[in-house]
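The values are calculated or read from the model by the stated rules, or taken from the named source; none is laboratory data. Keep in mind that this is a model prediction, so the values were computed, not measured. With ideal geometry, Cβ positions are generated from the backbone for all residues, glycine too; neighbour counts draw on all protein chains shown.
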Amino acid sequence: MGTDRVRVSGVRGKAATDFLKVSIAYADGFKAVGTLVYAWPDAAAKARAAERILLRRLDRLGLDFDEVRVELVGWDSTHGHLVGEPPADLPEVQLRVAVRSRQREPVERFTREIAPLVLTGPPSVTGFAGGRPRVQEIMAFWPALIRKEAVQPHLTVTTLEV
Amino acid sequence: MEKPEPAKTGDVTTIQLVDLAHARSGDKGDTANVGVIAYDARDWELLKELLTPERVKAHFGPMVKGEVDRYELPTLNALNFLLHGALGGGGTVSLMTDAQGKVFSTALLRMEVEVPVDVARRVQGRGRTPAGFDPSQPVAQPSTTQEGVEGS
């Protein structure tokens, strides 16, 4: 239209709804992730053997998890079963075991099961210098709508002389 | 895994989607949002024919627990998929390395698709790093300079 002048047309609007958006964060249990790196030869086979030992151990301890997820980082962590079985000559692979529970205790117990795996599990393992995995509290996110009348807007302004 | 040899059956052959299209993805809660864009506008109709929601769901198998929705973006030669129940609960709850589904799209590019032989020949290797590419060297910049933009 000219300098600092534009034309905007065809704009339409709608009446406001009866709702406000509310972003709710809520405590939703605990999780921890333990990792170990296995080196060639037979890196993936060692990682799988370690997985088997660890899962049996967790089972024997009678720990109650909502979910246990095992990934081989460097092989299947992003493409899952689509990549098939890893080759025997894989140079290295990271075993990544993650657990989640409503309770803190089983997750806490899990973090103490990684070191024994280093000492008594498959050899040529490294990547544990960081110590035990940390237990994380899960703050889950729930984007929701709330009726406007349920919210009372209130604003207080205080002026302080300093 | 080795790339399978194209198996000829009549005038069609099997290629991987990676040569036909590129893709990007992300998360919205437990839903992976996967965009697939044809490299060449000529392959847009073919892409629509190949990537039905049913085939996409079958490709992922247990990786996608819910339904698959497809949206068409014809002016971009693109398809957008919503893969429900794909991110282990999503966000902070998920135990996945790729909890935000940032590379979920690359798993779709593995899909094997049947295409006409002439298409396969034209797109061969399109989605992969060219032979001889040296990642330690800077990529050559186009020599043309845009009006009003300083050339480097």
Legend entry - Candidates B:113, B:117 - the one that is over 17 Å from the mean Cα position of the chain (by Cα), among the aliphatic types (A, V, I, L, M) and over 15 Å from residue A:81 (Cα atoms): B:117
Inset, instruction - Give A:46, A:31 a once-over and let me know the one that is charged (D, E, K, R) and touching a Pro at 6+ places or on another chain (Cβ under 6 Å). - result: A:46
Legend entry - When residues of the stretch A:123-144 are limited to those that are of a type in the set (Val, Ile, Thr) and surrounded by 15 or more Cβ atoms within 10 Å (Cβ to Cβ), the one nearest to the other protein chains (Cβ to nearest Cβ): A:138
Inset, instruction - State all residues of the stretch A:9-25 that are polar (S, T, N, Q), more than 14 Å from chain B (Cβ to nearest Cβ) and within 30 Å of residue A:150 (Cα to Cα); if no residue qualifies, say none. - result: A:17
Inset, instruction - Could you tell me whether residue B:131 is more than 30 Å from residue A:141 (Cα to Cα) and not charged (D, E, K, R)? - result: yes
Legend entry - Residue that is farthest from the chain's Cα centre (by Cα) [pool: residues in the stretch B:61-96 that are surrounded by 18 or more Cβ atoms within 10 Å (Cβ to Cβ) and polar (S, T, N, Q)]: B:94
Inset, instruction - Please go through the stretch A:84-104 and pick out each residue that is more than 7 Å from chain B (Cβ to nearest Cβ) and among the basic types (Lys, Arg). - result: A:102, A:104
Legend entry - Residues being surrounded by fewer than 18 Cβ atoms within 10 Å (Cβ to Cβ), within 14 Å of another protein chain (Cβ to nearest Cβ) and among the small types (Gly, Ala, Ser) - total across the stretch A:26-53: 1
Inset, instruction - Being surrounded by fewer than 17 Cβ atoms within 10 Å (Cβ to Cβ), aliphatic (A, V, I, L, M) and in contact with a Lys or Arg (Cβ under 8 Å, 6 or more places away or on another chain) is the filter; apply it to the stretch A:54-77 and report the residue that is nearest to residue B:107 (Cα to Cα). - result: A:73
Inset, instruction - Hey, can you tell me all the residues within the stretch B:119-141 that are basic (Lys, Arg) and at pLDDT 90 or above? - result: B:121, B:122, B:126
Inset, instruction - Check A:150, A:115 and return the single one that is without any contact (Cβ under 8 Å) to a residue 60 or more places away in the chain, among the hydrophobic types (A, V, I, L, M, F, W, C) and surrounded by fewer than 12 Cβ atoms within 10 Å (Cβ to Cβ). - result: A:150
Legend entry - Pair list, Cβ under 7 Å, 6 or more apart: the stretch A:54-83 residue more than 10 Å from every other protein chain (Cβ to nearest Cβ) and within 15 Å of residue A:95 (Cα to Cα), other residue surrounded by fewer than 19 Cβ atoms within 10 Å (Cβ to Cβ) and among the charged types (D, E, K, R): A:74/A:92
